[in-house]
Amino acid sequence: MITIRTAAPEELPQLRDLWRKCFGDPGAYVDIFFQKFCSIDQVLVVDDDGEVDSMAAMLPGAIQLPDGTEVPVGYVYALATNPYMQGKGHARQLLRYADDFLQKRGDKAMVLVPASPSLHRFFEAVGMDECFATRKVEILTSALSGDTGGGVMTPVSPREYNEIREGYLKNTFHMTYTDQMISFQQIGSHLAYGDLYKIEIDGVVGCAAIEYVQKRRLLTKELLIPTDKMGKAVETIAKEMEASRYHIRTPAFWDGLPGSYTQAFGMIKWYDLGLHSKYFAQQDAYLGLGFD
Ligand SMILES: CC(C)(COP(=O)(O)OP(=O)(O)OC[C@H]1O[C@@H](n2cnc3c(N)ncnc32)[C@H](O)[C@@H]1OP(=O)(O)O)[C@@H](O)C(=O)NCCC(=O)NCCS
């Protein structure tokens with residue numbers, strides 16, 4: 001028989017195992033997540049006769065609306081079903097349970113980033129709508145000019161990163177993060193030979209969260225700097241971090257790099273009817289760090 005409930009502390013090894021099977025992340029990353037960033041009572045599990053078959057973390061998050069109001073949302077992270085139990089409706093039932101769980105906690109919406117483009121349809125079927133987009137571009141080293149415009153890139157603390165980030169995103173519809181969650185991104189970047197940086201060009205200060213996704217592929221998960229400085233920012237990154245291909249993500253509403261295109265990224269299910277009717281058509285809100 002299936003029960004959906006919050007996880008128990010003694011189930012941590014099972015959650016760790018499930019995470020490894022479904023996402024392949026290093027054990028150190030998963031351990032740090034549960035030790036520092038997510039208490040066990042924020043994890044929902046599907047229990048099938050005493051066996052934990054599915055899980056999802058319900059991280060407390062917030063969205064800042066264009067008028068500056070912040071609304072609490074539940075950020076669903078690490079949704080996973082044991083491979084041999086997939087396709088039996090576990091994730092669907094867990095997400096239905098999560099609707100009640102999050103609303104009772106006071107959240108106004110559920111937010112998540114589908115792990116692959118093909119999953120958007122599945123999440124649509126459970127009532128989620130497209131809301132957050134990202135602008136992407138891939139640049140080959142051979143297409144770079146080497147002109148950094150004197151740009152300087154320096155590692156920064158999560159707090160300083162967050163201050164720069166919020167400075168740029170003020171009065172836009174975007175996902176905000178606590179310094180604590182930004183430090184989770186920093187740990188992920190460190191494990192992938194990257195970091196959080198500030199980039200200074202002509203006295204203008206931007207920020208970038210960077211990691212290697214493969215040996216010679218560098219992903220800038222978010223680059224926030226005025227559009228006229230983006231090209232030089234990429235040159236600065238390339239000067240400091242060697243790769244054969246640079247993947248850059250910026251907000252959908254900032255078109256600063258030639259050849260970039262926008263792509264659906266994060267989805268939302270509003271629980272607040274007023275906010276739903278006001279923002280249901282929103283398609284280019286900014287999420288940036290999906291910890292994906
Ligand atoms: C995605 C996942 C959590 C679904 O769990 P589940 O318990 O099998 O989900 P359900 O049985 O409720 O529903 C399965 C549906 O998801 C669809 N699905 C699963 N993986 C998919 C993928 N990569 N692309 C498209 N659809 C997918 C199935 O086709 C099925 O759709 P259907 O109901 O229309 O037939 C599970 O496949 C998984 O753990 N995947 C690996 C980790 C992952 O990608 N997690 C998602 C993070 S956002």
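The values are calculated or read from the model by the stated rules, or taken from the named source; none is laboratory data. Everything numeric in this text was worked out from a predicted model, so none of it was measured. Note that each Cβ is placed from the backbone with ideal geometry, even for glycine, and that neighbours are counted across all protein chains shown. Ligands, DNA and RNA are excluded from the accessible area calculation, which covers all protein heavy atoms including side chains. Shrake-Rupley method; radii C 1.70, N 1.55, O 1.52, S 1.80 Å.
Observations
- Pair list, Cβ under 7 Å, 6 or more apart: the range 50-74 residue in contact (Cβ under 8 Å) with a residue 12 or more places away in the chain, other residue hydroxyl-bearing (Ser, Thr, Tyr) and not in a strand (DSSP E or B): PRO66/THR172
- Residue count for the range 155-188, restricted to those that are open to solvent by 50 Å² or more (accessible area, probe 1.4 Å), in contact (Cβ under 8 Å) with a residue 40 or more places away in the chain and not in a loop (DSSP other than H, G, I, E, B): 3
- Pair list, Cβ < 7 Å and 6+ apart or interchain, from the range 23-45 residues that are touching a residue at least 60 places away in the same chain (Cβ under 8 Å) to residues that are of a type outside the set (A, V, I, L, M, F, W, C) and away from the ligand (no atom under 16 Å from the Cβ): PHE37/GLN180
- Checking each residue in the range 212-230 for being crowded, with 21+ Cβ neighbours inside 10 Å and either more than 22 Å from the chain's Cα centre (by Cα) or not β-branched (Val, Ile, Thr) (or both) picks out LEU218, LEU219, LYS221, GLU222, LEU223, LEU224, LYS229, MET230.
- The one condition in (1) within 9 Å of the ligand (Cβ to nearest atom); (2) part of a helix (DSSP H, G or I); (3) closer than 26 Å to TYR197 by Cβ that TYR77 fails to fulfil: (2)
- Scanning the range 231-245 for residues that are within 24 Å of ARG159 (Cβ to Cβ) and open to solvent by less than 40 Å² (accessible area, probe 1.4 Å) yields a count of 4.
- Residue in the range 9-40 that is surrounded by the most Cβ atoms within 10 Å (Cβ to Cβ), counting only those that are small (Gly, Ala, Ser) and under 24 Å from GLN180 (Cβ atoms): SER39
- Of the residues in the range 105-116, at least one is modelled with pLDDT under 95 and either part of a loop (DSSP other than H, G, I, E, B) or open to solvent by less than 20 Å² (accessible area, probe 1.4 Å) (or both).
- Any hit, the range 53-71, residues being at pLDDT 95 or above, outside any strand (DSSP E or B) and near the ligand (Cβ under 10 Å from one of its atoms): no
- The range 234-253, residues that are touching an Asp or Glu at 6+ places or on another chain (Cβ under 8 Å) and not in a strand (DSSP E or B): GLU235, ALA252, PHE253
- Near pairs, Cβ below 9 angstrom, 6+ apart or cross-chain, from the range 81-100 (in the same structural domain as PHE23 (by TED's automatic domain parsing) and within 6 Å of the ligand (Cβ to nearest atom)) to any residue that is of a type in the set (Asp, Glu) and open to solvent by less than 30 Å² (accessible area, probe 1.4 Å): THR81/ASP53; LYS88/ASP53; HIS90/ASP53
- Sole exception among (1) within 23 Å of CYS22 (Cα to Cα); (2) open to solvent by less than 30 Å² (accessible area, probe 1.4 Å); (3) in contact with a Lys or Arg (Cβ under 9 Å, 6 or more places away or on another chain) for ALA91, by number: (3)
- TYR193 of a type in the set (Ser, Thr, Tyr) and assigned to a helix (DSSP H, G or I): no
- Residue in the range 122-143 that is within 11 Å of the ligand (Cβ to nearest atom), touching a helix residue (DSSP H, G or I) at 6+ places or on another chain (Cβ under 6 Å) and open to solvent by less than 20 Å² (accessible area, probe 1.4 Å) present: no
- When GLY288 is tested against the conditions (1) crowded, with 22+ Cβ neighbours inside 10 Å; (2) within 17 Å of the chain's Cα centre (by Cα); (3) at pLDDT 95 or above, the lone failure is (3).
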